[in-house]
Amino acid sequence: MKRSLACLLALALVPGAMFAQARPKVGLLLSTLNNPFFVTLKDGATKEAKTAGFDLIVLDSQNDSAKEMSNAEDLVSQKVAAIMINPTDSDAVGAAIKLANRENIPVITLDRGANSGKVVSHIASDNVAGGKMAGAYVAKLLKSQGNVAELEGIAGTSAARDRGKGFNDAIGATRIKVVARQVADFDRAKGMSVMENILQAQPDLKAVFAHNDEMALGAVKAIQGTSRKILVVGFDATDDAIAAVKAGTMAATVAQQPALIGSLGVDTVKSILAGKAVPAFVPVSLKLITQ
């Protein structure tokens, strides 16, 4: 009996001897969860976090920079080991990143970059290259001439800037003219509304490039309300967009791999916490999906 009591006392004096070691807490800040692309990204990160032994805290910034900052403050107060962030705005996110920097919490950006603050690694597709893929395909289908429209994503995001740049670079040497360029905030309903206005103003429109599939699908809905045949190319390869391409209502979509972006984010966090060097940029491959 004395030996048993002595053993129990010895165990009690060893921190954590009778309990599993605490799992590191890692934060994932997403610009929105009202978009299938980011839901898939979250699912990829969640699955990998379980394998890595992390407690993943997922917070939705609802496309609001103020909410994003509040979420960052929440994660810092929970003393997370690292933060993965998909910015609502590449400029505004700097404040949240600098907050984490002051607390020596490593930050990784996903899909969209940040224009300020210290980021250990950025994991994303090459959005410029994806925009060029879309532009080259539109040019091929239109035989390098005709009027097109561009539906832009949220102003200030690196994804919108880079996808637009790639597209316009690709059509720059052709006789294709962008006759309408409007922001629709990566949103399907806004994409439909903006497209309805463009259709009224542009009677000779031949194609539309949308910076993401949600806007592209909104544009398709608007076009279906008319008897016009207009090519629509999107970006992200969400399930709905791929189905639309197969059905022939969309011409193409640039395929990203959101689940892979999420899982690579967790893998990068794992390396950082293990003291390993990680690349400043981790590219994720793209491909064009057509019929």
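Taking (1) within 15 Å of the chain's Cα centre (by Cα); (2) surrounded by fewer than 18 Cβ atoms within 10 Å (Cβ to Cβ); (3) of a type outside the set (A, V, I, L, M, F, W, C) in turn, Ser90 satisfies each apart from (2).
Taken as a whole, the structure places Ser90 among residues that are modelled with pLDDT under 95, polar (S, T, N, Q) and either assigned by TED's automatic domain parsing to the domain that holds Asp267 or not in a loop (DSSP other than H, G, I, E, B) (or both).
Against the list (1) touching a residue at least 40 places away in the same chain (Cβ under 8 Å); (2) closer than 16 Å to Ile272 by Cα; (3) not aromatic (Phe, Trp, Tyr), the condition Asn101 fails is (1).
Take Ala173 and decide whether it is touching a strand residue (DSSP E or B) at 6+ places or on another chain (Cβ under 9 Å), of a type outside the set (Ser, Thr, Tyr) and at negative phi. The answer is no for Ala173. For Ala82, the test of being buried (at least 21 other Cβ atoms within 10 Å of the Cβ), touching a residue at least 40 places away in the same chain (Cβ under 8 Å) and in contact with a Pro (Cβ under 7 Å, 6 or more places away or on another chain) is passed.
Results for (1) part of a strand (DSSP E or B); (2) among the β-branched types (Val, Ile, Thr), shown as yes or no for each residue.
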| position | (1), (2) |
| --- | --- |
| Ala173 | no, no |
| Ala180 | yes, no |
| Ala189 | no, no |
| Val220 | no, yes |
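Suppose we keep only residues that are under 19 Å from Gly117 (Cα atoms) and not in a helix (DSSP H, G or I) within the range 41-78. Which one would you say is farthest from the chain's Cα centre (by Cα)? That would be Asp64.
Output yes when any residue across the range 47-58 is surrounded by 17 or more Cβ atoms within 10 Å (Cβ to Cβ), modelled with pLDDT under 95 and either not hydroxyl-bearing (Ser, Thr, Tyr) or not assigned by TED's automatic domain parsing to the domain that holds Pro279 (or both), and no when none is. Scanning the range 47-58, I find no residue that is surrounded by 17 or more Cβ atoms within 10 Å (Cβ to Cβ), modelled with pLDDT under 95 and either not hydroxyl-bearing (Ser, Thr, Tyr) or not assigned by TED's automatic domain parsing to the domain that holds Pro279 (or both), so the answer is no.
Okay, residues lined up against (1) over 22 Å from Leu205 (Cβ atoms); (2) at pLDDT below 95; (3) surrounded by 15 or more Cβ atoms within 10 Å (Cβ to Cβ):
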| residue | (1), (2), (3) |
| --- | --- |
| Ile223 | no, no, yes |
| Lys229 | no, no, no |
| Ile242 | yes, no, yes |
| Ala247 | no, no, no |
| Met250 | no, no, yes |
| Gln256 | yes, yes, yes |
| Leu273 | yes, no, yes |
| Val284 | yes, yes, yes |
| Ile289 | yes, no, yes |
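Restricting attention to the range 118-137, the residues being assigned to a helix (DSSP H, G or I) and surrounded by 20 or more Cβ atoms within 10 Å (Cβ to Cβ) number 8.
When each of Ala173, Ala155, Ala96 is tested for being more than 14 Å from the chain's Cα centre (by Cα), more than 26 Å from Pro203 (Cα to Cα), among the hydrophobic types (A, V, I, L, M, F, W, C) and outside the structural domain of Lys79 (by TED's automatic domain parsing), the lone residue that passes is Ala155.
Would you please name the residue that is modelled with the lowest pLDDT, looking only at residues in the range 1-38 that are under 22 Å from Ala114 (Cβ atoms) and among the hydrophobic types (A, V, I, L, M, F, W, C)? Explain how you work it out, then say what you get.
Pass one, the range 1-38, residues under 22 Å from Ala114 (Cβ atoms): 25-35, 37-38.
Then drop every residue that is not among the hydrophobic types (A, V, I, L, M, F, W, C), which leaves 26, 28-30, 33, 37-38.
Working: Val26: 98, Leu28: 98, Leu29: 98, Leu30: 98, Leu33: 97, Phe37: 92, Phe38: 96.
In this case the residue turns out to be Phe37.
Residues are listed down the side, and each one gets a yes or a no for (1) part of a helix (DSSP H, G or I); (2) of a type in the set (Val, Ile, Thr); (3) under 19 Å from Ala134 (Cβ atoms):
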| position | (1), (2), (3) |
| --- | --- |
| Ile223 | yes, yes, yes |
| Ser227 | no, no, no |
| Thr253 | no, yes, yes |
| Gly265 | yes, no, no |
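Among the conditions (1) at pLDDT below 95; (2) more than 24 Å from Asp187 (Cα to Cα); (3) buried (at least 20 other Cβ atoms within 10 Å of the Cβ), Gly265 misses just one, which is (1).
With respect to Arg163, determine if the residue is surrounded by 23 or more Cβ atoms within 10 Å (Cβ to Cβ), out of contact with any Asp or Glu (no Cβ under 7 Å at 6 or more places or on another chain), touching a residue at least 24 places away in the same chain (Cβ under 8 Å) and not assigned by TED's automatic domain parsing to the domain that holds Leu217.
Numbers: surrounded by 23 or more Cβ atoms within 10 Å (Cβ to Cβ): yes; out of contact with any Asp or Glu (no Cβ under 7 Å at 6 or more places or on another chain): yes; touching a residue at least 24 places away in the same chain (Cβ under 8 Å): yes; not assigned by TED's automatic domain parsing to the domain that holds Leu217: no.
So Arg163 does not fit the description; no.
More than 20 Å from Gly153 (Cβ to Cβ), assigned to a helix (DSSP H, G or I) and free of Cβ contacts under 8 Å to residues at least 60 places away in the same chain: does that describe Lys246? Full working, then the answer.
Values: more than 20 Å from Gly153 (Cβ to Cβ): yes; assigned to a helix (DSSP H, G or I): yes; free of Cβ contacts under 8 Å to residues at least 60 places away in the same chain: yes.
Yes, satisfied.
The values are calculated or read from the model by the stated rules, or taken from the named source; none is laboratory data. Remember, predicted model here, so these are calculated numbers, not experimental data. A quick note on method: Cβ atoms are made from the backbone with ideal geometry, for glycine too, and the neighbour counts reach across all protein chains shown.
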